[in-house]
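The structure appears right after this line, and notes come after that.
The values are calculated or read from the model by the stated rules, or taken from the named source; none is laboratory data. As the structure is a prediction and not an experimental result, all values here were calculated from the model. Positions of Cβ are generated from backbone atoms using ideal geometry, with glycine treated the same way; all protein chains shown enter the neighbour counts. In case anyone asks, the SASA skips ligands and DNA or RNA and just uses the protein heavy atoms, side chains included. Shrake-Rupley method; radii C 1.70, N 1.55, O 1.52, S 1.80 Å.
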Amino acid sequence: MINLETPRKFRAFVNQAHQVAAEMLRPNSRRYDLAEHEYPVELDMLAAMVDGLGASGTGSGAGASGVRRTAAAEDGVVNGSNLSSVLSIMEMCWGDVGLLLSMPRQGLGNSAIASVASDEQLQRFDGVWAAMAITEPGCGSDSASIQTTARLDGDAYVLDGEKIFVTAGGRCDAVVVWATLDKSLGRAAIKSFVVMKDTPGMTVERLEHKLGIRASDTATIRFDNCRVPVENLLGSADIDKGFAGVMQTFDNTRPLVAAMAVGCARASMELTRELLTEAGVQIDYDRPVHLQSAAAATYLAMEADWEAAYLLTLQAAWMADNGQPNSLQASMAKAKAGRTANDITLRCVELTGPLGYSEHHLLEKWSRDSKILDIFEGTQQIQQLIVARRLLGKTSAELK
Ligand SMILES: Cc1cc2nc3c(=O)[nH]c(=O)nc-3n(C[C@H](O)[C@H](O)[C@H](O)COP(=O)(O)OP(=O)(O)OC[C@H]3O[C@@H](n4cnc5c(N)ncnc54)[C@H](O)[C@@H]3O)c2cc1C
């Protein structure tokens, strides 16, 4: 049975993640918010530590790479790397979302590799920092309409097309690229390919300037006659086993993004509570909200919303660890946590007034950082669409 307490075996690890967030991420938050596109060198040491924890087995699932599913346990339950990933990501994003997204070797492409790579590929791409490139100028939410092509030519696939908004696309070692083997076959022909950064024909064209998560680089990448070895196609080359395979990645990555939202929202709530307390606002759990100040009532409502987002996120990750299909729960968690983080972080700015709006505190930054968490890995509207399809038993053709 599911038990949503933090498992005892993860407690030390989660505390460690919190300490790192408090001592390394928070103190550098404002600096890299203001110095967009400057590489946060502090992360190199941190990433080496995370690698060490992963190698020792103490911290399997320390970041985005920890989402590989293992076979379901025959008896009992598993608290595995999906759960430890969301728990550590919550702590790290309590520190800083943009810096977490810039962690070497913990890119969303690493999650894709962990989710669908063969054992041989997993070994070959071990230690590679991989970004994820799905979005194109003419295709975002509707990922089945991808125009980037992959043409088989001897021992290589030849990639042509343009990818936009690639997180860590400038800094990574490789990009996991979604491309179609045959446009006429629709979604079934979409495959993902690991393209190493030095591959001729692959060019990082520019980096975006953004509202939030400015510590994280976001790149436009062009593929022009770019030859990728056939063995870099992730999963099966079989057209019949197409889209479901690449989409499976989202079941693992959406809980991670939900966890980022939960962590960022908690940071905002904690600081807001401190500032409200300093201002003399009392939050009382023993009195009905209608007998408390408007600020206290608002805070209590935010806490309830946050708790729902937190529990849905744990549920989605736990199901992944226990071999249960979790597309519905992953989308519910992402939708709830993304929207809740947007609401909470903005409301915290509102509750704290000029203090929240100014750069004296990080509240205004968190309200900017959280916005993306309701957009990438599928927007709020797309998550709701997926939830509706799953609940009503409709296909994507029947409910658009
Ligand atoms: C900072 C940043 C980082 C990103 N990182 C990555 C990355 O690493 N890799 C990557 O591949 N992509 C990345 N993205 C892209 C992101 O995933 C897309 O922006 C997102 O999926 C939305 O796609 P779109 O921008 O094409 O919007 P569109 O699909 O054009 O949607 C526009 C609006 O219409 C709504 N909408 C669309 N279809 C429907 C529908 N059927 N019903 C109701 N509403 C609908 C959407 O919810 C949205 O509000 C990133 C984006 C940003 C801004």
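Under the condition of being of a type in the set (D, E, K, R) and surrounded by 24 or more Cβ atoms within 10 Å (Cβ to Cβ), the residues counted in segment 253-295 number 1.
Look through segment 96-131, keep the residues that are in contact with a Gly (Cβ under 8 Å, 6 or more places away or on another chain), open to solvent by less than 10 Å² (accessible area, probe 1.4 Å) and of a type in the set (Gly, Ala, Ser), and return whichever of them is farthest from the ligand (Cβ to nearest atom). Across segment 96-131, the extreme among qualifying residues is Ala117. Here segment 150-166 is the region considered, the condition is being surrounded by fewer than 23 Cβ atoms within 10 Å (Cβ to Cβ) and closer than 21 Å to Ala130 by Cβ, and the residue that is farthest from the chain's Cα centre (by Cα) is Ala156. Given the criterion over 14 Å from the mean Cα position of the chain (by Cα) and assigned by TED's automatic domain parsing to the domain that holds Asp160, identify the matching residue among Asp142, Asp119. Exactly one of Asp142, Asp119 is over 14 Å from the mean Cα position of the chain (by Cα) and assigned by TED's automatic domain parsing to the domain that holds Asp160, namely Asp142. Taken over segment 47-84, the criterion of being at pLDDT 75 or above and in contact with a helix residue (DSSP H, G or I) (Cβ under 6 Å, 6 or more places away or on another chain) is satisfied by Val78, Gly80, Asn82, Leu83, Ser84. Exactly one residue out of Arg222, Arg227, Arg214 is in contact (Cβ under 8 Å) with a residue 60 or more places away in the chain, within 13 Å of the ligand (Cβ to nearest atom) and open to solvent by 10 Å² or more (accessible area, probe 1.4 Å): that is Arg214. Does Ile386 satisfy the condition of being within 9 Å of the ligand (Cβ to nearest atom), closer than 27 Å to Leu108 by Cβ and not basic (Lys, Arg)? Criteria not met by Ile386.
In the set (1) open to solvent by less than 50 Å² (accessible area, probe 1.4 Å); (2) outside any loop (DSSP other than H, G, I, E, B); (3) in contact (Cβ under 8 Å) with a residue 12 or more places away in the chain, Gly353 fails one condition alone, (3). Given the condition touching a Ser or Thr at 6+ places or on another chain (Cβ under 9 Å) and open to solvent by 50 Å² or more (accessible area, probe 1.4 Å), answer yes or no: does some residue in segment 301-309 qualify? Looking for residues that are touching a Ser or Thr at 6+ places or on another chain (Cβ under 9 Å) and open to solvent by 50 Å² or more (accessible area, probe 1.4 Å), one finds at least one in segment 301-309, hence yes. Among residues of segment 136-175 being among the acidic types (Asp, Glu) and within 9 Å of the ligand (Cβ to nearest atom), the one that is modelled with the lowest pLDDT is Asp142.
Kindly evaluate Ser102 against the criterion of being modelled with pLDDT under 95 and of a type in the set (S, T, N, Q). No: the conditions fail for Ser102.
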